[in-house]
Amino acid sequence: MRSGFVQMGSLRVHHTHGGRGSPVLFIHGLGSSGYIEWRFNLEATSETHRVYAPDMPGFGRSEKPRARYGVRYFTRFIERYMEGRGLRSAAVVGASLGGRVALELALERPRLVRKLVLVNALGLGRPNVHVSYGLVTIPRVGEAVMNMARDALKWAPSQMIRRVAGRLSGASHDLKRTMDDAYLDNLRELYSAEGYHDAYLATVRSLVNPKAMFGGPHDVTTRLHELKLPVQLIWGADDPLFPVAHAARAHSLIEHSKLAVIEGAGHTPQAERPEEFNRVLNRFLDS
């Protein structure tokens, strides 16, 4: 795997890429990056595929411009990224917010998506939003919460950080491995980056609002019948944010779909149960 930067117009973008074979594009979720979200998956997939994992604008090591962050903005970024890499189509893997971006891409630009993998994805039902997401939507309060999180990452013991993060994500299995020291270092780097707090808050505020709480434009359940490509849903059984019922309903509505529920995993099965996740993912990609 290689890590580096590409210039997309005025935007400097960091990405991780490597391998040979048919292309697979990974889209990370909120508050993450390509190299953080998929840290246990890229190497395994690159053994038989050419993989790409960009950091979306505002996240990871990509630039963090002032922008109207949201699903449409990120989807347009992915389109431009694919164009810049010469990808006419790819298998697209998206987690959480990245899953909603992948869905938008598949629904609006179906020629770009050869296969679709949705991992505990936003957009398939009403989320169980934690109170912290509601807090960060409030002007000034959100900024204070982000500053507190940044400071806590600096001074709090690693065990405490893992315990709090695990509670929020539903992760419970071997947290020291799932959230190892390298992962915590990457989080500290991310939270300390100039412009990250603004990008994160702008994204959350585009997603968490009264209309969205009752479905709104982010819920695409009524459009799932439009998907005519192979779809693999991979879900952590214990996700507190997007219950597994979301995946079961989506599976019943998408004609060419498969569902794998990973027991003992919460919102991030790709990190909590990477061996099982990688088996499911690569079996689908190679089918």
If we ask which residues in region 162-172 are part of a helix (DSSP H, G or I), touching a residue at least 24 places away in the same chain (Cβ under 8 Å) and touching a helix residue (DSSP H, G or I) at 6+ places or on another chain (Cβ under 6 Å), their number turns out to be 1
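Results for (1) among the aliphatic types (A, V, I, L, M); (2) within 20 Å of Phe5 (Cα to Cα); (3) touching a residue at least 40 places away in the same chain (Cβ under 8 Å), shown as yes or no for each residue.
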| residue | (1), (2), (3) |
| --- | --- |
| Leu42 | yes, yes, yes |
| Thr45 | no, no, yes |
| Thr48 | no, no, yes |
| Asp55 | no, yes, yes |
| Arg61 | no, yes, yes |
| Lys64 | no, yes, yes |
| Tyr69 | no, no, yes |
| Gly84 | no, yes, yes |
Within region 165-192, restricting to residues that are among the small types (Gly, Ala, Ser) and surrounded by fewer than 17 Cβ atoms within 10 Å (Cβ to Cβ), the one that is farthest from His267 (Cα to Cα) is Ser192
Scanning region 152-164 residue by residue, those open to solvent by 80 Å² or more (accessible area, probe 1.4 Å) and of a type in the set (D, E, K, R) turn out to be Lys154, Arg163
When region 16-36 is checked residue by residue, the ones that are among the β-branched types (Val, Ile, Thr) and either open to solvent by 10 Å² or more (accessible area, probe 1.4 Å) or in a loop (DSSP other than H, G, I, E, B) (or both) are Thr16
### Query
On the given criteria, is Phe26 modelled with pLDDT of 95 or more, among the aromatic types (Phe, Trp, Tyr), farther than 19 Å from Asp219 by Cα and in contact with a Phe, Trp or Tyr (Cβ under 7 Å, 6 or more places away or on another chain)?
yes
Flagged pairs (Cβ under 6 angstrom, 6 or more apart or on separate chains; first in region 138-157, closer than 15 Å to Asp185 by Cβ; second surrounded by fewer than 15 Cβ atoms within 10 Å (Cβ to Cβ) and of a type in the set (Lys, Arg)) are Leu153/Arg188
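The values are calculated or read from the model by the stated rules, or taken from the named source; none is laboratory data. Everything numeric here is computed off the predicted structure, so don't read it as measured data. Here the Cβ is made from the backbone with ideal geometry for all residues, glycine too, and neighbour counts use every protein chain on show. We work out accessible area using only protein heavy atoms, side chains counted, and drop any ligands, DNA or RNA first. Shrake-Rupley method; radii C 1.70, N 1.55, O 1.52, S 1.80 Å.
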